[in-house]
């Protein structure tokens, strides 16, 4: 993982299933740039008097950043990552997708992840608990070497 978001850079994300709430989601996404996160947050707060518009804005941002995912339609075909599909996600899934893509929370640990991927996840969890952006611990460790 890098702290610099270049054009075309993608990351892998994962949302664990929650019994009785939603299934797991594996996905690849382009992280949002800081100004895009601030703009989305500002606009969502500004139109917060109409929560439907705020949710539609978040769904639009998520659909722009999603590259691929493992979600399926009822007929078993791959579900598109377009706005109409994203806006129909369960609230918990849409909310967590946005927060991961915006860099506000870390992805859940990837099932079957390598030791390096697990180390990145541990760093992200520690950073989140300390209120720092994911990747901060790895950057600090590299600076000490």
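Nothing in this text is a laboratory measurement; each read-out follows from the coordinates by a stated rule. Every value quoted in this text rests on a predicted model; they were computed, and no experiment measured them. Every residue, glycine among them, receives a Cβ derived from its backbone with ideal geometry; neighbour counts consider all protein chains shown.
If you stretched the chain out fully between residue 83 and residue 116, how much longer would it get, using 0.36 nm times the residue separation minus the C-alpha to C-alpha distance?
8.5 nm
For residue 4 and residue 23, compute 0.36 nm times the residue count separating them, minus their Cα-Cα distance, and round to one decimal in nm.
Contour length minus the Cα-Cα distance gives 3.7 nm.
Can you list the equivalent-ellipsoid semi-axes of the range 11-113, largest first and in whole Å, using the square root of 5 times each Cα gyration tensor eigenvalue?
22, 16, 13
Once both labels are modelled 7 Å past Cα along the beta-carbon direction, what's the residue 68-residue 91 spacing in nm?
Each label point is offset 7 Å from its Cα along the Cβ direction, giving 3.3 nm.
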